[in-house]
Amino acid sequence: MKNSTIRIIVILAILSIMGITITQIYWVKRAFDLKEAEFDRNVNTALFNVAQQIFSINNAPSPGHNPVKQLSTNYYIVLVNSDIDANFLEFLLRSEFEKRNILVDFEYGIYDCDNEKMVYGNYVRLGETKGRQDRNTSLPKWTDTGYYFGVQFPSREAQIMNQMGIWLFSSAVLLVVIIFFGYSLFVILKQKRLSEVQKNFINNMTHEFKTPISTIAVSTEVLKSPDIIHQPERLFKYAGIIENENKRLRQHVERVLQIAQLDREEAGLKKETFDLHELIEEIADNIQVQLRESKGEIALHLNASPSKIKADRHHLANVIYNLLDNAIKYCQKQPSISITTGLQANELLLTVADNGIGVSEENKKRIFQRFFRVPTGNIHDVKGFGLGLHYVKQIVEVHRGKIVVESELNKGCLFTITLPAV
């Protein structure tokens, strides 16, 4: 699928999800407002009926205006200006609220009209019926005609939300759909990126294999010449070319197989105790050929004492060789490499520093990813599959170690490996 097609699909899908989400939010708010208005109407009606019953019991004339005033979203006062029996008031409030399905806890207070002070208050749980009569019989009563009462609903919003079951359920379903969509989008983009990386890897691998195969084919044709037997120097030269290209092919195949084994958790580590310094000196000697070709140098600062380590010698040698090989390949001038070891607590520190092209801050986060190759600008002859540093990180981690890199563009790299010491 083309990038433009995927981009259009993603944009349309995001716009669709945003549209559905905005619509859902609008209707949920609309439903909440309707439930809120319904709750306010029921409370006003219930309190109005309570006031009328108080007027009737006290033989007081009903005022010409609505005695119920809503001072805030969850607080109401009822201006009865009459005798108030707390026991009777609580009974009326319970009855009227339950009759209108207002099953939320409330608190009420009785106020003196003269000094605007509360003379009594109580918190009522509508779901609580056991022991109600025993408690209410001891409530006080005021016989003066200068009192009013107020009612507050601390859990008003919770009551309204409980009545919006279908809307909450649909919102939860929409949230699940959005999460699923986001995850699916993440998987699609990740697979697309992996597909592009693997495609580049296959193209690169094909090129890497094609060159030595072509060289071997040409050399073979030369060796098939009848006159070659009379030219031993030329015969030896082309035999050497075939041998070198064969080694190069074998190295490519081994590197791919190493990654495949790690993916299947078949690294098959054969741990043994050995001297890390001896291994480093051996690798440094072996890489001198490459360094002489590029007129480079390598310096060893082996300070760890003791330098014993328990690890897979073969894989650890490959780790160090990969770092040195990259230091030589990704250098635009004469390579200068430094290997340093040290001890920190119970850990061995191994650092490899070079003067290569370096790595940008953006690429530092990706250099250990499989198939990733740092862009080399005008350097077009750097060979590889983008597997070296991925292999290095995998091997270090299966040895219960860690690797970090410090680098700036055109200022080289500093790789630090930490491994458990013996």
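The values are calculated or read from the model by the stated rules, or taken from the named source; none is laboratory data. Quick caveat, the model's predicted, so the values are computed rather than measured. No Cβ is skipped: glycine too gets one built from the backbone with ideal geometry, and neighbour counts run over all protein chains shown. Each accessible area value is taken on the protein alone, full model and side chains, heavy atoms only, with ligands, DNA and RNA left out. Shrake-Rupley method; radii C 1.70, N 1.55, O 1.52, S 1.80 Å.
When the residues of the stretch 115-129 are filtered to those that are over 51 Å from the mean Cα position of the chain (by Cα) and in a loop (DSSP other than H, G, I, E, B), which remaining residue is nearest to Q52 (Cα to Cα)?
So, considering only residues that are over 51 Å from the mean Cα position of the chain (by Cα) and in a loop (DSSP other than H, G, I, E, B), the one nearest to Q52 (Cα to Cα) is E116.
In the stretch 327-348, what residues are part of a strand (DSSP E or B), among the aliphatic types (A, V, I, L, M) and loosely packed, with under 15 Cβ neighbours inside 10 Å?
L343
When residues of the stretch 290-310 are filtered for being open to solvent by 70 Å² or more (accessible area, probe 1.4 Å) and under 13 Å from P335 (Cα atoms), how many remain?
Final tally of qualifying residues: 4.
How many residues are under 30 Å from D105 (Cβ atoms) and either of a type in the set (D, E) or assigned to a helix (DSSP H, G or I) (or both) if we restrict to the stretch 155-200?
Qualifying residue count for the region: 16.
Which one is least open to solvent (accessible area, probe 1.4 Å) among residues in the stretch 62-114 that are more than 51 Å from the chain's Cα centre (by Cα) and among the polar types (S, T, N, Q)?
Selected residue: S82.
Go through the stretch 223-243 residue by residue and tally those that are open to solvent by 90 Å² or more (accessible area, probe 1.4 Å) and outside any helix (DSSP H, G or I).
The qualifying residues number 1.
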